[in-house]
Amino acid sequence: MRHWPLGLCAGLIPGAFLALGIMIMAGFACDAQGDPFSVTGQSLTWLAGLLWVAVLNVSLLFRTARGAWVWIGASALVVCAADLLVHHFRNGGAG
């Protein structure tokens with residue numbers, strides 16, 4: 001990638017939202033109760049960090065910085081939208 005700092009920023013900014021969104025989905029899947037000192041809470045915390053590092057590395061593999069921003073940003077939007085939908089329907093559709 002010619003403009004690798006811009007690609008790295010794509011891994012930093014939307015990549016953080018992608019990693020946190022995946023962590024939230026995993027928390028919904030394993031019915032985490034929000035206790036950060038439980039085994040589930042610790043696993044989810046470490047999962048988010050590892051995912052973020054993986055996204056940072058993947059962001060440098062794109063041919064252009066624009067491609068990295070588009071794909072990582074779109075993935076983050078999809079995952080965050082899915083988080084909101086799951087949260088909405090998990091609470092019985094209440095606003």
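Laboratory data are not the source of any read-out in this text; all were calculated from the coordinates shown. Please read these numbers as outputs of a predicted model, since none were measured by experiment. Positions of Cβ are generated from backbone atoms using ideal geometry, with glycine treated the same way; all protein chains shown enter the neighbour counts.
Observations on the structure shown:
- Residue under evaluation ALA32, criteria (1) within 30 Å of ASN91 (Cβ to Cβ); (2) assigned to a helix (DSSP H, G or I); (3) among the aliphatic types (A, V, I, L, M), criterion not met: (2)
- Taken residue by residue, region 43-65 has no member that is touching a Cys at 6+ places or on another chain (Cβ under 7 Å) and surrounded by 15 or more Cβ atoms within 10 Å (Cβ to Cβ).
- Taking first residues from region 33-59 that are in contact (Cβ under 8 Å) with a residue 24 or more places away in the chain and under 14 Å from PHE17 (Cβ atoms) and partners that are among the β-branched types (Val, Ile, Thr) and surrounded by 11 or more Cβ atoms within 10 Å (Cβ to Cβ), the Cβ contacts under 7 Å between residues at least 6 apart in sequence or on separate chains come to LEU51/ILE22; VAL55/ILE72; SER59/ILE72.
Let's see how each residue does on (1) more than 18 Å from PRO14 (Cα to Cα); (2) part of a helix (DSSP H, G or I):
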position: LEU44; (1), (2): yes, yes
position: ALA48; (1), (2): no, yes
position: TRP52; (1), (2): no, yes
position: VAL58; (1), (2): no, yes
position: ARG66; (1), (2): no, yes
position: TRP71; (1), (2): no, yes
position: LEU84; (1), (2): no, yes
position: HIS87; (1), (2): yes, yes
position: GLY92; (1), (2): yes, no
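- Selection within region 66-92 - touching a residue at least 12 places away in the same chain (Cβ under 8 Å) and surrounded by fewer than 13 Cβ atoms within 10 Å (Cβ to Cβ): HIS87, ARG90
- Flag for GLY21 being assigned to a helix (DSSP H, G or I), touching a residue at least 40 places away in the same chain (Cβ under 8 Å) and either in contact with a strand residue (DSSP E or B) (Cβ under 9 Å, 6 or more places away or on another chain) or closer than 15 Å to VAL70 by Cα (or both): no
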